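Structure first, then comments.
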Amino acid sequence: MKTIEATMAGMVLNVLVEGNEEVQVGQVVVMLESMKMEIPIESAVSGTVKEIKAVIGDFVNEGDALLILE
């Protein structure tokens with residue numbers, strides 16, 4: 001299992017992938033809002049989305065799991 005984590009604290013604006021979707025390295029998977037800026041979160045690994053932990057509108061801290069890939 002591989003985890004995609006928040007790179008900074010912020011609010012989840014959008015989740016750009018769905019369960020069982022293939023994700024590639026460098027693909028933007030989640031958009032966060034921090035300090036009134038939109039922050040794209042890119043995948044550092046390739047894999048298949050097994051679990052989406054990010055919920056639109058939720059606040060996440062740096063290091064929180066956003067997606068679980070297999």
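The values are calculated or read from the model by the stated rules, or taken from the named source; none is laboratory data. Everything quoted here is computed from the prediction, not taken from an experiment. Here the Cβ is made from the backbone with ideal geometry for all residues, glycine too, and neighbour counts use every protein chain on show. Side chains included, ligands, DNA and RNA excluded: accessible areas come from the protein's heavy atoms. Shrake-Rupley method; radii C 1.70, N 1.55, O 1.52, S 1.80 Å.
Applying the condition of being outside any strand (DSSP E or B), at pLDDT 95 or above and among the hydrophobic types (A, V, I, L, M, F, W, C) to region 9-43 and asking which residue is least open to solvent (accessible area, probe 1.4 Å) yields V17. Among the residues of region 44-70, those that are among the charged types (D, E, K, R) and in a loop (DSSP other than H, G, I, E, B) comprise K53, D58, E62, D64, E70. Listed conditions (1) surrounded by fewer than 18 Cβ atoms within 10 Å (Cβ to Cβ); (2) out of contact with any Leu (no Cβ under 8 Å at 6 or more places or on another chain) are all met by L67, apart from (1).
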